[in-house]
Amino acid sequence: MTQTNRLSSGGRVNRAKTVKFTFDGKTYEGFEGDTLSSALLANNVHLVGRSFKYHRPRGVLTAGSEEPNAIVQLGEGNRTEPNCRTPMVELYDGLKATAQNCWPSVNFDIGGINNKLSRFFPAGFYYKTFMWPKGMWEKYEHVIRASAGMGNAPSENDPDTYATKHVHCDVLVAGGGVSGLAAALTAGRTGARVILAEEHAEFGGQLLSDADATIDGKPAMEWVEATLAELRSMEEVTILPRTTVTAYYDHNFLSALERVTDHLGHGNGGDLPRQRFWQIRAKQVVLAQGAIERPMLFGDNDRPGVMLASAVRTYINRFGVLPGKNVVVFTNNDSAYATAIDAHKAGAKVTIVDIRENPAGAWVEKAKALSIQIHTNMAVIGTTGYRKVTGVDIMPLTADGKGVTGQSQRIDADIVAMSSGWNPMISLFSQGRGKLRYDEKLTSFVPDHCQWANISVGAGNGEFTLEGCLSQGLAAGSKAAQDAGFGDGVVPPTPAAPEDAQGDMRILWYIPSDRPLGRGRKHFHEFQNDSTVADIHLAEREGFVSVEHLKRYTTTGMGTDQGKTSNVNAIAIMSQIRDVKIPMVGTTTFRPPYTPLTFGAAAGHAVGELFLQKRKTAMHPTHEEMGAVYEDVGDWKRPRYFPKDGEDMHAAVQRECKQVRETVGMMDASTLGKIDIQGPDAAEFLNMIYTNAWLKLGVGKARYGLMCNEHGMVFDDGVTTRLGENHFHMTTTTGGAGRVANWLEEWLQTEWPEMKVYCTSVTEQWAVSSLNGPKSRELLAELTDIDLDPENFKFMEMREGHVAGVPARVYRISFTGEIAYEINVPHRYGKHVWDALIEAGKKYDLVLYGTESMHVLRAEKGFIIAGQDTDGSVTPMDLDMSWIVGKNKPDFLGRRSFARSDTSRPGRKQLVGILTEDPNVVLPEGAHVVETVKDRPPMDMLGHISSSYMSPNVGRSIAMGLIKDGFNRKGQTLSVPLMDGSVHKVTITDPIFFDKEGERTRG
Amino acid sequence: MLLIECPWCGERDQTEFTCHGEAHIVRPKNPDELTDEQWGDYVFFRSNPKGLHKERWVHDHGCRRWFNVVRHTHTDIVYGSYKPGEPAPEVSEEALKGGKK
Ligand SMILES: [Zn+2]
């Protein structure tokens, strides 16, 4: 008894190849070419999921990516994927799918009790109930989420690879139906570079579901095949099946998701990526996404077996599956008559229920000729059945269509094929800032105008005839190519594609029933989030009338399907309630992605090791050998500390810091930003950039400088050395290197183009070994030809010579307060020199130290770190560094701001030392400092701790902080209340804790 | 994502550039002669129009040159780029009304 609903012939499936799959643990068979939807329907499986809120049984509604109901979990383990829409899942051998949102099974779901209790779950229920009292949401959330069952994300790493592709094209065609194919054809013929993307595996769109259409007197699919063949022969045309254009951004930048190997089954893609994410810059875009049919809003319209009429037709013609034997077609228009006729021909008993009073025309005549019974001016007031629809009750409509009258009548049905018209898919157009227009005849929104270069064609543009689609497509392709600089804009004649004309619709947004709205029967307009017409009325009563409020109140359109089948119906119902025209209610903003996108595709190759670049210094291999623990600074891997014998960070840092001041320590300082500055105006330029004076700095001398922005606030610091009359070597913070280089260039290029100054970033060119400590001179002397005699090579000077046999620039500058030498050698010698210093350092008890010890050592000396002890609101004066502000300089960046009232006022936050009463307490950085402790926040804050460490050399904890009027508070006792409730007494001090006179540095 | 034309390199994705705000904010030659208010105008105040905006961009993941762009702040349409010291391109009423560049 397999595939009971499969027709004996027809469809585009390969009947020679049987495919086995499981759904909820049960094994079924389908054919190659099936989707999971068509295969389930072939096996008469209609119940595929439970609804979000009421846990009502739900079945396949559509045959496309708009599917709101048939959402399943695919696969297992690390490849499992939630929220897969069954019409978009191509069947493969071994496919495993499980229903979502039900427990323990889709047939017996305990959450179904919600349906019985539904009057306690009105719209807005979650917000009203659980967001109050404050704080309770956290307690409810996990229960709600568990029962809401939005599928499960895999807990293991994704084993698949995803590719990213960046391309430019002349014409991007979104949609491979007849309009899109026609557009690609005329654009491609001009030689333009064309990308044609189609969401489904096969091209042809609606033609795949239409057995009768002809083009030029031949079956329409022959035209599709011939067009594809011609497109394939064009070198500049890229044809992408299984590719959804997911987003339309500014300047015609679009993204598309290509499902490269998903259809082969999980893990069967071989060397190909699972999916490919296209980022496309298109000169011209043709939007040919087609249209989506609207559901009818009648009582209990959500039973499994209630489907869109066009979807039923697709399953019959494209997949050779007749989803049921008793088909009721419920419609307000002629397009559903094609479904009725095809279902009849496929062997179903078909009844048409048409709300129109006197439907007439060719389609009605065709149905009548087949003896299909047509009930006119009738409403389906409700359905019977629970896990599957078993019948419909119909009643005559009143003249105004607002009610029903007379006798109800029951018709057996296992399929209800419904249609209330069509909505052009305007999502991409709208994402791309396109403005919409309400079309009274279509009763839907259509593209109007757009600031970007695109053309909407076919059903997506409100054109529903085959000839019209062909004609619009051919013209658009030609025009788009011409606008992109290809071809002469000539449009070939439209091939003949005769069809029977369709009559008018009758619009009843809400189908009345014999009971008041909201009593007993549910009229779902939004299937995925279980929102009903009654909920829209409730929203209106509570004042949520604008479309954006309506959306959030009822959750319409907030599911994974973004309300593709529900939005226009919801807007129309609201317009009726408010008695305003539909455009007055407005449309919601369409946002990317058009359909769900995997995180894998968005991430592409940028995962794991490739997530972020790692910059490594020349000495990195030695750091590895020495067992360095790293910290990431400005993408650099900087050794943070070098643990010995199982030390933790605290122990290692205490040891490193102590030893630096006792013997000698070495740090890799290669990551400091370095900028080579040359030119006759270089000194003048530095004079403007830095706060202090640079004109008279001697060659071979170094100077510390602060950079301020025009607000007068410190933003970077470093030591700059004069290498020659017109040549300087600037250093910056590691993290600020790029920012400072940009800053210098901005002034030179835009404000002072007349200055002859040339800046080059040389950070990577120099490897820097920084020796610090009383023994550093003796150690360096072993390896250099430079005269290190302190009388000849003073503090803040630079000498060139050789170290370990290679050319070096040695800077005598110090960030620790010790005798120190920064040995700069070309990158390629960095490891050689570092290793040689380690070897020679053995007899001096050399210790390697990292950034953590560097922080402690500099804090012992009260040296700031720009960005840690400053935060963009701190002037040099706030740092007690007035000495570095050139009083006699006529101008420099930020200078004038020092005189502004706020910058010069007393009582600003100022950098001070902070010592805890208990020397063992290390305050957390960021802790607030207060004068008066209250039993709970808020308290008046005086400032915060910016740096805080345990100092082995001072023998206690030390800290710095920015404190209001800090300079005048030295000696005062303040308090630091912490998150854990403890309060620590602190004393405000000078920030230099070690060697206040600085004798060691100059020694 | 915007498409920005670097006057030296040509059209590139926005991700290669950084915008540094309004262009043609000239640094005063005589800061000391300015009142706090005048200096504050230079440091803090920008025109922030809804409409055409001349702004300074840098091609920092490219040639690292600075230049100016005329962008409509509401539509994000870019009406042209020009080098420092060059005049801004004229934007016709027609181009503005048409909404398309
Ligand atoms: Zn450039």
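Results, tabulated for the structure shown:
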| quantity | calculated |
| --- | --- |
| The range A:903-1002 - percent relative contact order, Cα under 8 Å, separation 6 or more | 35 percent |
| Loop trypsin sites (Lys or Arg not before Pro), the range A:919-989, which have at most 16 other Cβ atoms in a 10 Å radius of their Cβ (DSSP) | A:K934, A:K970 |
| Other-chain or far-sequence residues with amide H under 5 Å of A:E526's (modelled H) | A:S531 |
| Cleavage-rule hits (GluC sites (Glu not before Pro)) in the range A:750-780: DSSP loop, at most 11 neighbouring Cβ within 10 angstrom | A:E754 |
| Members of A:K616/A:K843; A:K696/A:K887; A:K934/A:K985; A:K345/A:K522 lying beyond 25 Å, as alpha-carbon distances in this model show | A:K616/A:K843; A:K345/A:K522 |
| Estimated [θ] at 222 nm from DSSP helical runs (n ≥ 4, -39500 (n - 2.57)) normalised by residues in chain A, nearest 500 | -6000 deg cm²/dmol |
| At R0 = 25 Å, FRET efficiency that the Cβ-Cβ distance of A:D676 and B:T18 yields, to 0.05 | 0.65 |
| Equivalent ellipsoid, the range A:903-1002 (semi-axes from 5 times Cα gyration tensor eigenvalues, Å) | 23, 18, 10 |
| Dimensions in Å of chain A - Rg and Dmax from alpha carbons | 37.4, 115 |
| Inverse of mean 1/r across different Cα pairs in the range A:176-327, Kirkwood, Å | 17.7 Å |
| For A:L923, distant residues with modelled amide H under 5 Å away | none |
| A:N709 paired with A:A153, simple spin-label distance in nm, labels 7 Å along Cα-to-beta-carbon | 3.4 nm |
| Calculated FRET efficiency for the pair B:S47/A:K701, C-beta based, R₀ 30 Å, to 0.05 | 0.10 |
| Per-residue HN-Hα couplings for the range A:231-243 [Karplus 6.51, -1.76, 1.60; θ = phi - 60°; Hz; x = Gly/Pro] | 5, 5, 7, 8, 4, 8, 9, 10, 9, 10, x, 6, 10 |
| Dmax and Rg, reported as Rg then Dmax, of chain B (C-alpha, Å) | 15.2, 47 |
| Rotationally averaged projected area of the range A:378-438 (alpha carbon convex hull; nm²) | 6.8 nm² |
| Paramagnetic reach from A:V983 (point 7 Å along Cα→Cβ, amide N under 15 Å) across the range A:887-922 | A:917 |
| Hz values of 3J(HN,Hα) by residue in the range A:72-89 - Karplus curve (6.51, -1.76, 1.60), Gly and Pro given as x | 10, 9, 9, x, 9, x, 6, 10, 5, 9, x, 6, 8, 7, 4, x, 9, 9 |
| Qualifying trypsin sites (Lys or Arg not before Pro) for the range A:643-717 [loop in DSSP, other Cβ within 10 Å: at most 11] | A:K696 |
| Computed label-point distance, nm, for sites A:L264 and A:W752 using a 7 Å Cα→Cβ extension | 6.1 nm |
| Relative contact order, percent, chain A [alpha-carbon distance under 8 Å, six or more residues apart] | 9 percent |
| Relative contact order of the range A:673-849, pairs being alpha-carbon contacts under 8 Å that are 6 or more residues apart, as % | 21 percent |
| FRET efficiency, 1/(1 + (r/R0)^6) with R0 22 Å, evaluated for B:K83 and B:R27 via beta carbons | 0.75 |
| Radius 13 Å from Cβ of A:F728, net charge of other residues (Lys, Arg +1; Asp, Glu -1) | +1 |
| Contour excess over end-to-end distance, with Cα ends at A:V806 and A:D902 and 0.36 nm allotted per residue | 29.3 nm |
| log₁₀ of I(q)/I(0) at q = 0.12, 0.15, 0.17, 0.18 Å⁻¹ - the range A:673-849, Debye sum with one point per alpha carbon | -0.57, -0.86, -1.06, -1.16 |
| Sequence ranges A:897-909, A:431-443, ranked by mean other-Cβ count within 10 angstrom, highest first | A:431-443, A:897-909 |
| A:H449-A:A602 pseudo-label distance in nm [points 7 Å out on the Cα-to-Cβ vector] | 3.4 nm |
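No value in this document is a laboratory result; all are computed from the given coordinates. None of the values given here were measured: they were computed from a predicted structure. As a convention, Cβ positions derive from the backbone with ideal geometry for all residues, glycine included, and neighbour counts pool all protein chains shown.
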